[in-house]
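For reference, the structure is listed below as structure tokens.
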Amino acid sequence: MQQVTEFAYAKINLTLDVTGRRPDGYHTVKMVMQSLELHDDLTVRRGAGQGIRLCGSLSGLPTDDGNLAVRAVQRFRAQTGIPDDGVVLELTKRIPIAAGLAGGSTDAAAVLRAMNTLYVTGLSAAALRDMALPLGADVPYCVSGGSALAEGIGEQLTPLPPMPDCFVVLCKPPFPVSTAAVYARMNGGRLAVRPDTDGVVTALAQGDYSGVCRRLYNVMEVVTAGDHPEIGQIKAALLEYGADGALMSGSGPTVFGLFSAQEKAQAAVHALQKRFECTLLTRICAAQN
């Protein structure tokens, strides 16, 4: 086999709690993560001579080792000892960048899966997740995706029963958010309000869609929304148009709404697109492995 194509799925956080900070500076978290059908397409080809070449559909995207996908190839080679026979990455981006949707992390995870297939290295999903951690805290989760509880710095993953199917409206306002800056303002893990992550885990086990929606909470939202009132405005609009629950994903700025009714979801997209061009309709997606 000389090439393989993988889908790199976006994620949202159904809950996100920052529980502390380790001596090495990494923050510890407890959160429920969920894959979406929205995805990038990644084709990996081998036998192109030497080196790594990335070509993509989005102008301005780094094509050197400033891109996690390139670093994932380097990491895979270093860990497996496969020779440099030249790798070409063709990336079609659909996931908004710098959006809190793990766009870069999921591309890196897709590279690891593709390289494992392309070079017939036979690594398990668990081995790929271990390999993924130095690339970023979200990359191990993105190797398999689905519904999962993430703890530690994001690498301690417990698969959860699938989220009941629903439609998801994503709305990304046009400004960047620094994840590091948000973490720095999390008050060392001392927070007045925390998500009921255990309650979400129980709701998923019971197939209780309403129970999940009632418990959506992200401790980072308070910080990001305090700087950017658009976060609260988008959230209010999603609820006004019938979302069963709404929340900011990751450190932002994307806000998502969960809808059981497709018609309401489509109406929300139509309304929000008038102000925020980057508004998308997708739905929940199951695990990859």
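The values are calculated or read from the model by the stated rules, or taken from the named source; none is laboratory data. None of the values given here were measured: they were computed from a predicted structure. Every residue, glycine as well, gets a Cβ built from its backbone with ideal geometry; the counts of neighbours run over all protein chains shown. Just so you know, the surface numbers come from the protein's heavy atoms only, side chains and all, with ligands and any DNA or RNA stripped out. Shrake-Rupley method; radii C 1.70, N 1.55, O 1.52, S 1.80 Å.
Data overview
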{"item": "Residue 227/residue 48 FRET efficiency (R0 35 Å; Cβ-Cβ; nearest 0.05)", "result": "0.20"}
{"item": "For residue 156, distant residues with modelled amide H under 5 Å away", "result": "151"}
{"item": "Values of log10 I(q)/I(0), in the order q = 0.18, 0.24 Å⁻¹, for segment 1-101 under a Debye, Cα-only, solvent-free model", "result": "-0.99, -1.23"}
{"item": "Within straight-line cross-link reach of residue 274, lysines at Cα separation under 27 Å, skipping those fewer than 8 residues along the same chain", "result": "11, 93, 172, 235, 264"}
{"item": "Largest-first principal axis extents, alpha carbons of segment 138-289, Å", "result": "40, 35, 28"}
{"item": "HN-Hα J in Hz across segment 256-264 - Karplus 6.51, -1.76, 1.60, θ = phi - 60°, x for Gly and Pro", "result": "10, x, 9, 10, 7, 9, 4, 4, 5"}
{"item": "Added length on full extension, which subtracts the Cα-Cα distance from 0.36 nm per residue, residue 84 to residue 181", "result": "31.2 nm"}
{"item": "Average accessible surface area per residue within segment 60-195, 1.4 Å rolling probe, Å²", "result": "39 Å²"}
{"item": "Compactness of segment 65-200 - radius of gyration and Dmax, Cα, Å", "result": "16.8, 54"}
{"item": "Simple spin-label estimate for residue 126 and residue 275 in nanometres, 7 Å along Cα-Cβ", "result": "4.8 nm"}
{"item": "For segment 1-59 and segment 122-141, distance of Cα centres in Å", "result": "10 Å"}
{"item": "Sites matching chymotrypsin sites (Phe, Trp or Tyr not before Pro) across segment 1-58 that sit in DSSP coil, with at most 15 neighbouring C-beta atoms within 10 Å", "result": "26"}
{"item": "Inverse of mean 1/r across different Cα pairs in the chain, Kirkwood, Å", "result": "19.3 Å"}
{"item": "Relative packing of peptides 100-109, 46-55 - highest average C-beta neighbours within 10 Å first", "result": "100-109, 46-55"}
{"item": "Student exercise, segment 190-289 dipole from Lys, Arg, Asp, Glu Cβ charges, in Debye to nearest 20", "result": "20 debye"}
{"item": "Stretch gain in nm, segment residue 58-residue 236, where the contour uses 0.36 nm per residue and the Cα spacing is subtracted", "result": "61.0 nm"}
{"item": "Packing-based order for 32-41, 150-159, 88-97, using average beta carbon neighbours within 10 Å, highest first", "result": "32-41, 88-97, 150-159"}
{"item": "Förster-model FRET efficiency, 30 Å R0, residue 117 and residue 214, C-beta, rounded to 0.05", "result": "0.15"}
{"item": "Cα Rg, Dmax, segment 72-111, angstrom units", "result": "12.4, 35"}
{"item": "Peptides 263-270, 67-74 ordered by average Cβ neighbours within 10 Å, highest first", "result": "67-74, 263-270"}
{"item": "Segment 96-220, dipole about Cα centre (Lys/Arg Cβ +1, Asp/Glu Cβ -1), debye to the nearest 20", "result": "320 debye"}
